[in-house]
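**Q** My questions all concern the structure below.
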Amino acid sequence: MEQPAFPHPVSPMEQALHAARALVIADLVAGDVADADVVSLVEASVVQRRWWVEQWPEGVEYVAGLVAQDVQDSLLERYGRWPLCPVCGAGDPHALDVEPELGPDPHWVCHKAGVKVSAVGSLGSATGGPGGPGGARAS
């Protein structure tokens, strides 16, 4: 008898958490800031958000945006603003924001220019990939 490839199906909650982790790490890689200590911040957020989704299962579709915001807040406390806006070339560097703050299909926006920059997980296409503009840490 042949064993199934996955004897225990992955729950929708775990799928959402794994997807959120992958999307945020992709954006960190695009900004060339995916050091081990930064990836640890992603892991800490995923643990926290697992508990959150267990308490409010209907919020599972909001996890990617929340993890992105958690990591952004943690990076601000430790290193500086992230991700830097690749749209505005003049003036003080500023970070992008996640919108909606609590909703499905999160994306990075520049409120200064009033534009949607990219979906969470797709910053590489907006910044030119690792080391591209808008990816470095700032203070």
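**Q** Select from the range 35-47 the residues that are open to solvent by less than 40 Å² (accessible area, probe 1.4 Å) and assigned to a loop (DSSP other than H, G, I, E, B) and list them in ascending order.
**A** none
**Q** On to the next question. Only one residue in Asp73, Asp105 is at positive phi, modelled with pLDDT of 90 or more and open to solvent by 60 Å² or more (accessible area, probe 1.4 Å). Which one? Reasoning before the result, please.
**A** On the way: Asp73 fails: at positive phi.
Just a single option satisfies the conditions, and that option is Asp105.
**Q** So which residues in the range 48-63 are assigned to a helix (DSSP H, G or I), of a type outside the set (Asp, Glu) and either farther than 22 Å from Pro83 by Cα or touching a residue at least 60 places away in the same chain (Cβ under 8 Å) (or both), if there are any at all? Spell out how you get there, then give the answer.
**A** Of the range 48-63, the ones assigned to a helix (DSSP H, G or I) are 48-55, 57-63.
Filter once more, keeping what is of a type outside the set (Asp, Glu): 48-53, 55, 57, 59-60, 62-63.
Within the range 48-63, Arg50, Trp51, Trp52, Val53, Gln55, Pro57, Gly59, Val60 meet the criteria.
**Q** Can you report the number of residues in the range 15-32 which are in contact (Cβ under 8 Å) with a residue 24 or more places away in the chain, assigned to a helix (DSSP H, G or I) and in contact with a helix residue (DSSP H, G or I) (Cβ under 8 Å, 6 or more places away or on another chain)?
**A** Taking the range 15-32 as the starting set, the residues that turn out to be in contact (Cβ under 8 Å) with a residue 24 or more places away in the chain are 16-17, 19-24, 26-32.
Of the ones still in play, those that are also assigned to a helix (DSSP H, G or I) are 16-17, 19-24, 26-30.
Subsequent filtering for residues that are in contact with a helix residue (DSSP H, G or I) (Cβ under 8 Å, 6 or more places away or on another chain) retains 16-17, 19-21, 23-24, 26-30.
Total meeting the criteria: 12.
**Q** Might you check whether a residue that is of a type in the set (Asp, Glu) and over 30 Å from Val10 (Cα atoms) occurs anywhere in the range 98-113?
**A** Taking the range 98-113 and keeping what is of a type in the set (Asp, Glu), we get 99, 101, 105.
So of that shortlist, the ones also over 30 Å from Val10 (Cα atoms) come out as none.
No, the range 98-113 has no match at all.
**Q** Okay, moving on. What number of residues within the range 68-83 satisfy the criterion of being among the hydrophobic types (A, V, I, L, M, F, W, C) and more than 16 Å from Val24 (Cβ to Cβ)?
**A** Taking the range 68-83 and keeping what is among the hydrophobic types (A, V, I, L, M, F, W, C), we get 68, 71, 75-76, 82.
Imposing the further condition that a residue be more than 16 Å from Val24 (Cβ to Cβ) reduces the set to none.
Qualifying residue count, the range 68-83: 0.
**Q** Name the residues in the range 46-69 that are farther than 14 Å from Pro12 by Cα and under 10 Å from the mean Cα position of the chain (by Cα), would you?
**A** Those that are farther than 14 Å from Pro12 by Cα and under 10 Å from the mean Cα position of the chain (by Cα): Gly65, Leu66, Val67, Ala68, Gln69.
The values are calculated or read from the model by the stated rules, or taken from the named source; none is laboratory data. Keep in mind that what you see is a predicted model, and the values were worked out from it rather than measured. Backbone-built Cβ (ideal geometry, glycine too); neighbour counts: all protein chains shown. The accessibility values were calculated without ligands, DNA or RNA, using every heavy atom of the protein model including side chains. Shrake-Rupley method; radii C 1.70, N 1.55, O 1.52, S 1.80 Å.
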